[in-house]
Protein chains: 2
Amino acid sequence: MERTEAATAGPPLQAIADAVRRERTRRDLSLGELARRAGLSKSTLSQLESGAGNPSVETLWALAVALGVPFARLVETPVQAVRVLRSGESAALTAERAPFSSALLAACPPGARRDLHLVTAEPGPAREAHAHIPGTVEHMLVTAGRWLAGPDGAEVELGPGDYACFPADLPHRYTALAPGSAAMLVMEYT
Amino acid sequence: MERTEAATAGPPLQAIADAVRRERTRRDLSLGELARRAGLSKSTLSQLESGAGNPSVETLWALAVALGVPFARLVETPVQAVRVLRSGESAALTAERAPFSSALLAACPPGARRDLHLVTAEPGPAREAHAHIPGTVEHMLVTAGRWLAGPDGAEVELGPGDYACFPADLPHRYTALAPGSAAMLVMEYT
DNA sequence: GTGTGCTGTTCGTCAAGTCGAACGGAGCGT
DNA sequence: ACGCTCCGTTCGACTTGACGAACAGCACAC
């Protein structure tokens, strides 16, 4: 998820624009009033909300303060679907001095916790997992066997070395497709 | 949390500066190299890391992409022996309804962050890692091959499915003992 | 009708962020 | 001593964001 966000081509200026306008209208504030409270000019805020421009940190911060929302909320990108990194694909991400390579799979979001689990399963009925609390994300790195895992309707098949992460605040499931299937499961919640 | 952040007087430019430099040095990247990857000039990055300036969203975003961290991490204010769990030992820890089992490897300590890395290596010289900042702990789950890893003088040999964690605020090293060795590395720091 | 108060937009001007180049310094092989 | 490469900083020039004012549109009162 983080990687997806970080790997996005450019900063979501339109998303920021929408977020600001959404938070503003939710509070029934006029553009001018918000600009006054944030100590900005109306023109600056107008351009920002129209999606044009590239605000500075100070400008965005002032808006976050005036709106009473955490800074990060203005730069959030919508949660998206399952992300899969096949075994071997990661080499393209980073390269260090041979014979070693390391790739950052997923940086820890601020305020999040990550519990490390080891799961094993034999072929049979899927393990049905309820929806966890909002914001929960699960990371799965397969060590052995084959798995079919993911949110209901968006399961992906994973083999040894494959990595996937997906939102866990929706119903999801795990199915072992081969005997002795094992995986590391990282439960991330905020 | 939100309130505290939002109520802060001004944008923590110095905190941003420190965060960028911290994430950069954590990756052993030079200022120029990071600037190149982010598509920025060295001067811009230099001023940013010195605390002077007020970067635009595009600039900070480019840095977040190049560093592989979520955008929000750049704008926030801010030890023990080796433990090994051999493949298969974990089943004894917890048992759920067959054919499924799950074991909590390591719960996330309060305030800690965990970054997920995927490391691969071929047999050859060991990767020497410097001592990280105090409190750093590394978790390693082998997915393929064989590894010799751990703090200097206390390395352990690990095979597929094996898990180990050890303090990383001391010099430590990783050596691949078999071709195509791979592992998930969880960097935990506070 | 005209006046007032608000909405959000689009101008020109100025300040500030960003860039490229040149700088001094450290490390290393010759 | 050199030459070379990389480090990170400082300089001037260019680009761009932020400001203030004037703008059109709308609603309501008189």
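Just so it is clear, none of the values below were taken in a lab; they were calculated from the coordinates. Since we're looking at a predicted model, the values are computed, not measured. When we count neighbours, we look across all protein chains shown, and the Cβ atoms used for this are built from the backbone with ideal geometry, even at glycine.
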Could you check the spin-label model distance between B:ARG173 and A:ALA178? Points 7 Å from the Cα along Cα→Cβ, value in nm. 3.3 nm
List, shortest first and in nm to one decimal, how far the label point of A:GLY32 (7 Å from Cα along Cα→Cβ) is from its counterparts in the other copies. 5.3
Could you please report the charge total around A:GLY51, scoring K, R as +1 and D, E as -1 over all other residues with beta-carbon less than 14 angstrom from its beta-carbon? -1
Got the A:ALA15 label distances to the other copies yet, label 7 Å along Cα→Cβ, in nm, shortest first? 2.2
So for the pair A:THR136, A:LYS42, with labels modelled 7 Å out along Cα→Cβ, what separation do we get in nm? 4.8 nm
With R₀ set to 51 angstrom, the calculated FRET efficiency between the beta-carbons of A:ARG73 and B:LEU148, to the nearest 0.05, is 0.70
